[in-house]
Amino acid sequence: PLPRTLSPEAADSFCDVLVYHNHRIAPLETLAIEFTQKLTGKAEYRGLSAEQVFVGWYLFADEWTEEPMIKIKGEAVRRELGIEGGYARLVDFIGNDGYKLDNMLRSDSRSLRQSAELATEKFSLVSMLSMGTLLRVFPSTESQSGDTVWYSPTDELPATMSGDEQLLVRKSLALVAQAASGDDEQRVIEMMNDIARYQRSVAHALPSERKIAAERLYNSINYNRPLAMSCLTLGILSLLWLINLRREGRGVRVLRSLLYAVLVTLALYLSLHIALRYYISGHIPLANGYETMQFMAWSSVVITLAIARRFRLALPFGLLVAGFTLLVAMLGEASPRITQLVPVLQSPLLSIHVVVIMISYTLLAFIMLNGISAMVLRALRGAEASADVEYLAVVSRIMLYPAVALLTAGIFIGAVWANLSWGRYWGWDPKEVWALITMLIYAALIH
């Protein structure tokens, strides 16, 4: 049986409350999703929503400590915790001698330390929620400066805070837990609504209702993982079918129409996803690997739709590139948290640099797929495929010039940005080196 938690309706009342998290004010739903993803690797658990998992851990921690749901990576950590599968209980972290991973955290092996630190981060996250330190949901605005500071029930409160406010901060969530323990979910909903109203009456510079609604919409439409797998599967199957056909027929026209419709839908979804992330964060979403891979997926779809009428293999190519880039985005986090940009990343040159580089990489990916398709055609048909192979070579040559030009421009812009940010044009880090190597290899083909 599942540990105890609230009903979906009662758990959803927590989502109307705002929380200060990652140096910004966000719906509590966002924190709940990040919490559940960090622990389990998914945004839900055994049919429970992220909000139900989150409030379950907070309100009924004693029952949840026995639930094997903390995803553990690394065989050495699993052995140290004494677990057989890939998931641990919270109680598995503590032994007779204290915290079981202490020795691994002090290990000389970097890989062992990193595995132990990752597991410890999850243990600490649960501990912080159970104690209430994650729940910075109580704003207090200083009368003199006008600044709003957010507190959790366990924070040290300023002496300038009134006695009534201090009582509210210390006791409100404890009363919510008491009502939840007595199965009085209606009372829980009422008290969470009271906290939400208190926030809006006290705090300054809160996100608008429209921005909060946009963030909740963004939280509800994260389908990148199934999209990646669907794009790869459909792209591979359609590519194999199309390159094996010698002539166009009704079946090919139907398939092309279907692929075109899929890519239009994918373009609309990615555009909405990127636009919402931009609106919520207040900056162009090109600041990390997840966001750049999403943009590359979007650019591959847009380029595909632009050239699909003149190049029949563009449709499966677009699906493959979009699928691969979305899959790479998933390798880190399913949807990494939205944070404020550090000053070094706030330059507009960064956005221009990333856009130009990603478009060039998209074109180079199409060239690579052209080469693979040509080899497959030669293997299937031999000399009969000469005309089709030559056509693919012409398409590659047409794409090669803008691809190399954009990559060169992107490297140059990146160097200028690096000089403005760090005082040096070139640092020989892996990204710089491999971008340069890629440019030189493809430039050699032009020469």
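Below are the figures for this structure:
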read-out	value
Apportionment of accessible area to carbon and sulfur, the chain, percent (1.4 Å)	59
Cα-based convex hull volume of the stretch 6-151 per residue, rounded to whole Å³	138
Note, ³J(HN,Hα) from phi for the stretch 126-136, Karplus 6.51, -1.76, 1.60, rounded to Hz, x at Gly and Pro	5, 4, 5, 5, 4, 7, x, 6, 6, 8, 8
Alpha carbon centroid spacing (whole Å) that separates the stretch 254-280 from the stretch 117-141	36
Principal-axis tilt of helix 50-59 within the chain, Cα atoms, nearest 10 degrees	20
Computed over the stretch 264-320: relative contact order in percent, which uses C-alpha pairs under 8 Å that are six or more apart	31
Hull volume in cubic angstrom per residue (convex hull over the Cα atoms of the chain)	205
Percent of Cα pairs exceeding the 20 Å cut-off, where the set is the stretch 111-170	43
The stretch 253-333 - convex hull of the alpha-carbon atoms, volume per residue in Å³	78
Hits among aspartates and glutamates - C-alpha to C-alpha of Lys42 under 13 Å, sequence gap 8 or more where chains match	Glu34, Glu51, Glu333
Per residue accessible area in Å² of the chain, where ligands, DNA and RNA are left out and the probe is 1.4 Å	51
Residues with amide H under 5 Å from that of Gly95, placed H, sequence gap 5 or more	Lys100
Taking only Cα atoms of the stretch 278-374, radius of gyration then Dmax in Å	14.7, 46
Quotient of C-alpha Rg and 2.2 N^0.38 Å, computed over the stretch 165-262	2.11
Kirkwood estimate for the stretch 67-201, i.e. one over the average of 1/r between Cα atoms, Å	17.8
Distance histogram for the stretch 378-435 (every C-alpha pair counted, 5 angstrom bins, percent rounded to whole numbers)	4, 16, 15, 14, 10, 9, 9, 8, 7, 5, 3, 0
Estimated vicinal HN-Hα couplings, Hz - the stretch 259-267 in sequence order (Karplus 6.51, -1.76, 1.60; Gly, Pro = x)	5, 4, 5, 4, 5, 4, 4, 5, 4
Debye equation applied to the C-alpha atoms of the stretch 37-96, log10 I(q)/I(0) at 0.18, 0.20, 0.21, 0.23 Å⁻¹	-0.64, -0.77, -0.84, -0.96
Largest-first principal axis extents, alpha carbons of the stretch 302-447, Å	58, 38, 25
Per-residue [θ]222 nm for the chain (sum of -39500 (n - 2.57) over DSSP H runs n ≥ 4, rounded to 500)	-22000 deg cm²/dmol
Against the rule of thumb 2.2 N^0.38 Å, how large the Cα Rg of the stretch 213-299 comes out	1.35
Which listed pairs, of Lys38/Lys171; Lys38/Lys73; Lys71/Lys100; Lys71/Lys431, have C-alpha distances above 21 Å, in listed order	Lys38/Lys171; Lys71/Lys431
Rough spin-label spacing in nm, given labels placed 7 Å along Cα→Cβ, for Glu63 and Tyr425	6.5
Debye equation applied to the C-alpha atoms of the stretch 353-396, log10 I(q)/I(0) at 0.18, 0.26, 0.29, 0.33 Å⁻¹	-0.54, -0.82, -0.92, -1.06
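The values are calculated or read from the model by the stated rules, or taken from the named source; none is laboratory data. If you're wondering where the values come from, they're calculated on a predicted model, not measured in any experiment. For neighbour counting, all protein chains shown are included, and Cβ atoms are generated from backbone atoms with ideal geometry for every residue, glycine included. Just the protein is used for accessible areas: all its heavy atoms, side chains included, with ligands, DNA and RNA removed. Shrake-Rupley method; radii C 1.70, N 1.55, O 1.52, S 1.80 Å.
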